[in-house]
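**Q** Quick one: this structure, given as structure tokens, is what I'll be asking you about.
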Amino acid sequence: MSTEKLDTQVRQEQIARAALGLLTDLGMQGLNIGRVARRVGLVPSAIYRHFKSKDEILDAVLELIEERLLGNVRAVYEESSDCLERLRLLLMRHIELIRGNDAIPRIIFSDEVGFGDSAKRAKLYGIIEGYLKEVEDIVHRGQGAGVVRDDLDPATLSVMFLGLIQPAVILWHVSDGRFNATRHAREAWEIFRDAIRTK
């Protein structure tokens, strides 16, 4: 890979991270080329060397979120060989990812992404679907190892796993952090674990 291409990738990632930070601080209405440029330390015209529009920057932010979600999956495989423990670790990593990036629920439920542009909605769905497949794979491996009940559908369990996260995150977000999403996740995990593990 050429140095120029690598530099471009690094700069694009910096821009996407800056945009994610802006979305956390100011919401969707705060995302514009000028603000992103200031965060990265560039003039606005330099942003256009890497992205044609704010819309493309938003696509890069979605890719960054996907990368972090899948990075969490890779991390739990390294942290534990036990499938139930992998699920627990993934749950806690997911909660912390969102607590550290308040922009994620804002993006998901925004008019620009989750409820707006059909291409963005499809991209978001693809990210969530890919993440659910990873969770499903952990469940399937757990069934193979005899620690997760084999009478339960892995795809259904993966959606239920996501259900441990989303309502808690919404409550955390709309309460301005007063709802303790981390404590909820810990307690909800015990109920979920006991329901799916072999006795």
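The values are calculated or read from the model by the stated rules, or taken from the named source; none is laboratory data. Here the structure is a predicted model, which is why all the values come from computation and not from measurement. Note that we place each Cβ from the backbone using ideal geometry, even for glycine, and neighbour counts take in every protein chain shown. Ligands, DNA and RNA are excluded from the accessible area calculation, which covers all protein heavy atoms including side chains. Shrake-Rupley method; radii C 1.70, N 1.55, O 1.52, S 1.80 Å.
**Q** Where does the chain land at 222 nm, in deg cm²/dmol rounded to the nearest 500, when only DSSP H runs of n ≥ 4 count, each adding -39500 (n - 2.57), divided by all residues?
**A** -24500 deg cm²/dmol
**Q** Of all accessible surface on segment 129-168 at a 1.4 Å probe, what whole percent is carbon and sulfur? Could the numbers behind the result be given before it?
**A** Details: 1040 of 1910 Å².
The computed percentage sits at 54.
**Q** Residue 175 versus residue 118, label points 7 Å from Cα toward the beta carbon: distance in nm?
**A** 3.9 nm
**Q** On C-alpha positions alone, give me the angle between the axis of helix 3-26 and the longest principal axis of the chain, in degrees, nearest 10.
**A** Taking Cα atoms only, the helix is inclined about 80 degrees.
**Q** Mind ranking 130-143, 62-75 by how tightly packed they are, going by the mean number of other C-beta atoms within 10 angstrom, highest first?
**A** Highest-to-lowest ranking by the protection proxy: 130-143, 62-75.
**Q** Where does helix 118-144 land angle-wise versus the long Cα axis of the chain, in degrees 0 to 90, nearest 10?
**A** 30 degrees
**Q** Something else now. If you take the beta carbon distance between residue 193 and residue 129 as r and set R0 to 25 Å, what does 1/(1 + (r/R0)^6) give as a FRET efficiency, to the nearest 0.05?
**A** That pair, residue 193 with residue 129, gives E of 0.55.
**Q** What nm distance separates the two modelled labels at residue 162 and residue 92, each placed 7 Å from Cα along Cα→Cβ?
**A** Modelled inter-label distance: 2.4 nm.
**Q** Now for a different question. How tilted is helix 154-163 with respect to the longest principal axis of the chain? Cα atoms for both, answer in degrees (0 to 90, nearest 10).
**A** 60 degrees
**Q** If you build a Gaussian network model of the chain, linking Cα atoms that sit under 10 Å apart, which residue out of 59, 111, 102 swings the most?
**A** 111
**Q** Alpha carbon centre of segment 3-62 versus segment 146-199: separation in Å?
**A** 33 Å
**Q** With an 8 Å cut-off on Cα pairs and a minimum separation of 6 or more residues, tell me the relative contact order of the chain in percent.
**A** 19 percent
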